[in-house]
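So the structure is just underneath, and the comments pick up after that.
The values are calculated or read from the model by the stated rules, or taken from the named source; none is laboratory data. Just so it is clear, the structure is predicted and the values come from calculations on it, not from any experiment. As a convention, Cβ positions derive from the backbone with ideal geometry for all residues, glycine included, and neighbour counts pool all protein chains shown. Please note that ligands, DNA and RNA were not included when accessible areas were found on the heavy atoms of the full protein model with its side chains. Shrake-Rupley method; radii C 1.70, N 1.55, O 1.52, S 1.80 Å.
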Amino acid sequence: MATSPVESPKKLLLPEAKFSTFCALNENGKIQTILSVEIFGAIRSLAQFRLTGSQKDYIVVGSDSGRIVILEYNKEKNVFDKIHQETFGKSGCRRIVPGQYLAIDPKGRAVMIGACEKQKLVYVLNRDTVARLTISSPLEAHKSHTIVYSITGVDCGFDNPIFAAIELDYSEADQDSTGQAASEAQKHLTFYELDLGLNHVSRKWSEQVDNGANMLVTVPGGGDGPSGVLVCAENFVIYKNQGHPDVRAVIPRRADLPAERGVLIVSAATHRQKSMFFFLLQTEYGDVFKVTLEHENDRISELKIKYFDTIPVTSSMCVLKSGFLFAASEFGNHGLYQFQAIGDDADVESSSASLMETEEGFQPVFFQPRGLKNLVRIDQVESLMPIMDMKVSNLFEEETPQIFALCGRGPRSSIRILRPGLAISEMAVSQLPGVPSAVWTVKKNVNDEFDAYIVVSFANATLVLSIGETVEEVSDSGFLDTTPSLAVSLIGDDSLMQVHPSGIRHIREDGRINEWRTPGKRTIVKVGSNRLQVVIALSGGELIYFEVDMTGQLMERSRFLAVGSYDNTIRILSLDPDDCMQILSVQSVSSPPESLLFLEVQASVGGEDGADHPASLFLNAGLQNGVLFRTVVDMVTGQLSDARSRFLGLRAPKLFSVIVRGRRAMLCLSSRPWLGYIHQGHFLLTPLSYETLEFAASFSSDQCAEGVVAVAGDALRVFTIERLGETFNETVIPLRYTPRKFVLQPKRKLLVVIESDQGAFAAEEREAAKKECFEAAGMGENGNGNVEQMENGGDDEDKDDPLSDEQYGYPKAESDKWVSCIRILDPRTATTTCLLELQDNEAAFSICTVNFHDKEYGTLLAVGTAKSLQFWPKRSFDAGYIHIYRFLEDGKSLELLHKTQVEGVPLALCQFQGRLLAGIGSVLRLYDLGKRRLLRKCENKLFPNTIVSIHTYRDRIYVGDIQESFHYCKYRRDENQLYIFADDSVPRWLTASYHIDFDTMAGADKFGNIYFVRLPQDVSDEVEEDPTGGKIKWEQGKLNGAPNKVEEIVQFHVGDVVTCLQKASLIPGGWRMHMRQEHPPLCGRDHMAYRSAYFPVKDVIDGDLCEQFPTLPLDLQRKIADELDRTPGEILKKLEEVRNKII
């Protein structure tokens, strides 16, 4: 991931493989997503540039489209406008097609886009007479038989633009079969000059560079600095420039790093100010170093590398002018840090001046990591990457199932429980003297910024709380406190109104009180009001309408009144003086309305959501059967149209108007709270992850500008709604090592997780080493992590621990050393009930629960492990095992029954008819339970490579091969034989699989494709109706495989590696063809070609493409809708229905 600061000092652009996401920092230093666009392609590189003297940034994108695309952010419409799109090569990520590397001339005059090999193109950027950006034809800087490792623009002021590249020429190595030339191949640093006068690119200078060189960083020049580049190589940073001797300094290394491991720089950021500049370089272990250059004019006298701080490893860092550092990680959450200092204090430092050469090479400099000193983390963006395994199950018996996902790797591993809904931050909870029925907030004057009172109504009283530094009860507010209240609001500019069952109380600013009493013994049952109008309903079905007398002022008045009746209708009445209380329209609904709310959406051109919207008025109704009913009210005639409904919960929704991000939104309180709001052009109705609430109101004070105050039970709660637009909120439980797989125990509501890491130390060894290190540093005992914390994998909030693993990573061990554990986790309490560390260099790779015929032990746990597994130089291991554990203490702990040695690594285990099926290398074997070991019952050795997944249904077994897709097998009990009767004709590198039905399997391959295969019905019937099994046994194989072939029925290119599949339901639609034509993807990739990147796309609705419809300009929406004989409203309604069925 590359990040780029754009325009303002508080804006960031983050590409996430297929998305371009534009973020900004709000006043609280929190990151908010402003715009996110699916580009239907892979973003490979990203850079920002600014033309000389301009105030605006442009974004250059290198993708897999074979085109260079230049984008501009349009603030008014909140969209990326495509300024230029130039085609230069074939689509796809190819070796010699540019797109992998981007380099910008620091003065914004040219851009170089490079491939991994051979091709580099330079485009000259300029502007025309009306200051529009222009782009030239590409100029070639190709060199055949050359691999490129990194390119960057060299800052040379306003001289001809120069680009630097690390290259390696392999032409001789290609010709030499002995391997001699390959071992002597040498990397070079090459400067390419763009002659603006001749419009030509030439190789200006080339010099040998360390073979460990992997990255280039531009050094400021042209009066701001000495120009040139920093070459980041293994263990060194070297300053290089044409005509300048090399200045080299060693990168400090951790004291506990094994000697054979080098140190590489993986990301860099530059901070410039008028008078100084420095670089932040991060190593592959997470340590950040500050690099400074001592220079006079163009001569460098010293290069210094000083330890700065340690943060989780990033793929890109970006320093913002406002004093923040954004750290984008490939794995785990992205962090936003604020600078406390810029590393001027004394710390471990290496310098080119003190570089010592010994017989073994250069003398290393050692340091010990410490807590954050110069940076402080103030926010993070959640990232689930990588999801290792996932299950969807309603373990907590809530309204919607939860998603349990194993995420992260190494010390940043976690299990995350995802629930559909927005996260909220609870600001305050206070107990009340009784059970309240309602709550309101009011200002004293319409121009006040903050609310003055919180008014709480009880069954027989009203409590008034004044809002200041603290919230305190007051008795001099003028409100009647001996009666319950039905409504409290601001009336006119500066008066307060309280409606209670026997009348209306009007409290003026000067304290005078007017009281209107109900006629006779009738009581007020319902109230509707705004600042100028009040309508009350009396018992017996009579409506009385009041208006505030505001002389000579033009005020916003509502023209309509909505009335919900027990006869299952909603009537719209006019409040116009000419036809007051006339019925304009009637809408019948499925159940009596409980709550009504008008929500007006202001007219906008572009606005935040990127689309043009006319002003519109929505009527929302919460019905007694738990359904939210939404309809559009014509603002002239009052007619109702475009009705939509959605079931929210078992209680009738109560509707409240709240302010979220400065705009009106709707809070619906049913058996769970929901928020209806407009986000990037979509109307979203999302649940809040919070308990059931009774009543709510908007809340604004100096501590909490945009909050909600609500009552539930006998408590008053104040909360704010966090990041809008998110589908899920998450509960994070940290783990010890990289999680591999897990199984659910639904009856006991527990999870069993296997975790393993290569090249790391076991937890006990790490703790001992840490303790030793603290004692050596004179810290005594205060730093040792206690056992409880260790059990739960460490807590990232544990500030007392100066070296939390999440931040510093694990100490590195030899590559053949494995650590692994089996954990039983109770997700409700987030506690680990059992943690078994595997000994003797064993690592767990597969897991399943199994019930054997012999019911003696009940449900058992089978775990497949390998000892001393190595992948390089070639794959090898000492032994494979299958462990059998029994559950004790009601499933909360494990006891080893026995372990059975096998000849391969068991990568797949599955229960089958009271026995255990194991995939061991290319062998499928059936085991039964013995006293001391597992007993072999039957096997089939005819699988092509390695078995990675096994699913069973009745007597069929569906086996996934690592390289050859699915094989359908049948077990014949009478013969005790396993037969393969069908397989796939397409070779697929399987990464995920799921059993759909008797004949159908879903799979995903490592190239990012999802596909479904199905056994033809006639073949399936034939296999089932074969009584003797002779047909399967003797049938001739086809294409070196099974006698029958499965058919591919669905094919779709997702563009990311799919690690897990789970069932969900969808409904069909059919209008994507128009979208493809009218709204091509942002970065130039053809949508159809992208979804067919490996195999032609087949029978899949692309939800991501359909979701872009609301963001189109209104005329385009109409054009597409007309071609389908529909209105845009009908299409949007259909989209909403489909979305609601999934989430």
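A few points about this structure:
- Within the stretch 168-203, being part of a helix (DSSP H, G or I), without any contact (Cβ under 8 Å) to a residue 24 or more places away in the chain and either over 30 Å from Pro138 (Cα atoms) or not charged (D, E, K, R) (or both) holds for Ala173, Gln175, Gln180, Ala181, Ala182, Ser183, Glu184.
- Annotation: of all residues in the stretch 495-512 being within 13 Å of Asn445 (Cα to Cα) and part of a loop (DSSP other than H, G, I, E, B), the one that is most open to solvent (accessible area, probe 1.4 Å) is Glu509.
- Enumeration of residues in the stretch 285-314 that are open to solvent by 10 Å² or more (accessible area, probe 1.4 Å) and of a type in the set (Asp, Glu): Glu294, Glu296, Asp298, Glu302
- Tally of residues being within 37 Å of the chain's Cα centre (by Cα) and either modelled with pLDDT of 90 or more or among the small types (Gly, Ala, Ser) (or both) across the stretch 439-449: 3
- Every pair of residues 6+ apart whose Cβ atoms lie under 6 Å, when the first sits in the stretch 951-966 and is over 15 Å from Leu907 (Cα atoms) and open to solvent by 10 Å² or more (accessible area, probe 1.4 Å) while the second is of a type outside the set (Lys, Arg) and in a loop (DSSP other than H, G, I, E, B): Glu964/Pro944; Glu964/Pro987
- Residues being open to solvent by 50 Å² or more (accessible area, probe 1.4 Å) and part of a loop (DSSP other than H, G, I, E, B) - total across the stretch 371-386: 4
- Subset of the stretch 561-574 [under 15 Å from Phe546 (Cα atoms) and surrounded by fewer than 19 Cβ atoms within 10 Å (Cβ to Cβ)]: Ser574
- Restricted to strands (runs of 3 or more DSSP E) entirely inside the stretch 296-347, those with at least 3 residues that are more than 22 Å from the chain's Cα centre (by Cα) and of a type in the set (Ser, Thr, Tyr) are 299-310.
- Residue among Thr310, Thr292 that alone is of a type outside the set (Phe, Trp, Tyr) and in contact with a helix residue (DSSP H, G or I) (Cβ under 6 Å, 6 or more places away or on another chain): Thr310
- Residues of the stretch 580-602 satisfying the condition of being of a type in the set (S, T, N, Q), assigned to a loop (DSSP other than H, G, I, E, B) and under 21 Å from Phe546 (Cα atoms): Gln582
- Taking strands (runs of 3 or more DSSP E) as the structural unit, those lying wholly within the stretch 949-1002 and holding at least 1 residues that are more than 19 Å from Gln1036 (Cα to Cα) correspond to 956-961, 965-972, 990-997.
- Candidate set: the stretch 1006-1032, residues that are touching a residue at least 40 places away in the same chain (Cβ under 8 Å) and part of a strand (DSSP E or B); chosen: the one nearest to His1053 (Cα to Cα): Asn1009
- Test: residue in the stretch 134-142 that is of a type in the set (Ser, Thr, Tyr), touching a residue at least 12 places away in the same chain (Cβ under 8 Å) and crowded, with 23+ Cβ neighbours inside 10 Å: no
Okay, residues lined up against (1) acidic (Asp, Glu); (2) surrounded by fewer than 21 Cβ atoms within 10 Å (Cβ to Cβ); (3) modelled with pLDDT under 85:
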| site | (1), (2), (3) |
| --- | --- |
| Glu608 | yes, yes, yes |
| Val633 | no, no, no |
| Ala643 | no, yes, no |
| Gly649 | no, yes, yes |
| Leu667 | no, no, no |
| Pro673 | no, no, no |
| Thr686 | no, no, no |
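- Check on Pro1043, modelled with pLDDT of 95 or more and open to solvent by less than 30 Å² (accessible area, probe 1.4 Å): no
- Entirely in the stretch 204-260, the strands (runs of 3 or more DSSP E) that have 3 or more residues that are open to solvent by 10 Å² or more (accessible area, probe 1.4 Å) and basic (Lys, Arg): none
- Checked against the criterion of being of a type in the set (Asp, Glu), at pLDDT below 85 and farther than 28 Å from Asn78 by Cα, the candidates Glu1035, Glu1137 yield just one match: Glu1035.
Each row is one residue, and each column tells you yes or no for (1) open to solvent by 30 Å² or more (accessible area, probe 1.4 Å); (2) touching a residue at least 24 places away in the same chain (Cβ under 8 Å); (3) among the hydrophobic types (A, V, I, L, M, F, W, C).
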| site | (1), (2), (3) |
| --- | --- |
| Gln1108 | no, yes, no |
| Leu1116 | yes, yes, yes |
| Ala1121 | no, no, yes |
| Leu1135 | no, yes, yes |
| Asn1140 | yes, yes, no |
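- Any hit, the stretch 893-914, residues being within 26 Å of Ile980 (Cα to Cα), touching a residue at least 12 places away in the same chain (Cβ under 8 Å), buried (at least 18 other Cβ atoms within 10 Å of the Cβ) and small (Gly, Ala, Ser): yes
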